[in-house]
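The values are calculated or read from the model by the stated rules, or taken from the named source; none is laboratory data. A quick note: this is a predicted structure, and the numbers were derived from the prediction, not measured. As a convention, Cβ positions derive from the backbone with ideal geometry for all residues, glycine included, and neighbour counts pool all protein chains shown.
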Amino acid sequence: MKNGHYEIRFSGTGGQGMMLMGDVLSQAAGCMEGKEIVLTKSYGPESRGGACRAELIVDDKFINYPTIVSPDFVLAMSQKACDDYHSDLEADGKLLIDSDLVLSIPKSVKNVYSIPLTKIARETTGKEITANAVALGVIAVLAEVASVESIFNAVMEKFPKNLRKINETAFNAGVEAAKTLL
C-alpha cells in the first residue's frame, strides 16, 4: 500500500457480487488485519442487471475522507462498468477486467490485467455465479489490500458451509490465474 493507503473499486452489474466482494475484502483488511476501512456501496434501482459498485478504502491510519479520490485498483466485470469507472484510476493503478465481458480496453490505462473471470468460474465450478470468488483470488494476488490468507479466510467465513467448497475452488483458480500474469 502506498503510504499505508489503498483505494479499490469493484464495478459491474447487479447480481455479479460487487457488494459481496466489498464485504469480503473489508472483513479481511479491517477485522482480520486490523486496518482502518471505509466501505461504500452504490447500485441502481434494478436488483439484477443494473450498474453497481462497491468502493473500499484501506489505511494504516485514521481515514479522514470517506470517498475514493483516485483508486489504486479497479475491477470491471462489464463493459459499462469499465467505461464508467476507470477514468480516475491512479496513474500506476491496476485495472482488472473480465476479458469475456469487457471487449473495449481503455488505452489510457497502463496496467491492465485481462482475465476471463466468468469463463474460469464456469470451467472450474460449473457455475458462472462464482466469478466473484475467482475475482477475489486474482485481487488477493494483485492488490495490496490484505494478505491472500486473510482474504481466503474471509471468503470461507462469508459463505455458508454448503457453498464453501465451490467458492474455495473458484478462489484458488483466481489465485492461479493471477500468478500466471506475474
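Quick one: how many residues across region 89-113 are under 18 Å from A140 (Cβ atoms) and among the hydroxyl-bearing types (S, T, Y)? Selection size over region 89-113: 1. When K80, K107 are screened for being over 16 Å from G12 (Cβ atoms) and more than 12 Å from the chain's Cα centre (by Cα), only K107 passes.
Looking across region 91-105, the residues that are surrounded by 17 or more Cβ atoms within 10 Å (Cβ to Cβ) and in contact (Cβ under 8 Å) with a residue 24 or more places away in the chain come down to K94, L96, D98, L101, V102. Checked against the criterion of being at pLDDT below 95 and buried (at least 16 other Cβ atoms within 10 Å of the Cβ), the candidates Y65, Y113, Y85 yield just one match: Y85. The set of residues from region 127-161 being under 18 Å from L101 (Cα atoms) and surrounded by fewer than 20 Cβ atoms within 10 Å (Cβ to Cβ) comprises K127, E128, I129. Screening region 125-182 for helices (runs of 4 or more DSSP H) wholly inside it with 2 or more residues that are more than 18 Å from V58 (Cα to Cα) and in contact with a strand residue (DSSP E or B) (Cβ under 8 Å, 6 or more places away or on another chain) returns the ranges 131-142, 161-181. Return yes when I120 is over 20 Å from L25 (Cα atoms), modelled with pLDDT of 95 or more and in a helix (DSSP H, G or I) and no when it is not. Yes; evaluated as a whole, the condition is true for this residue.
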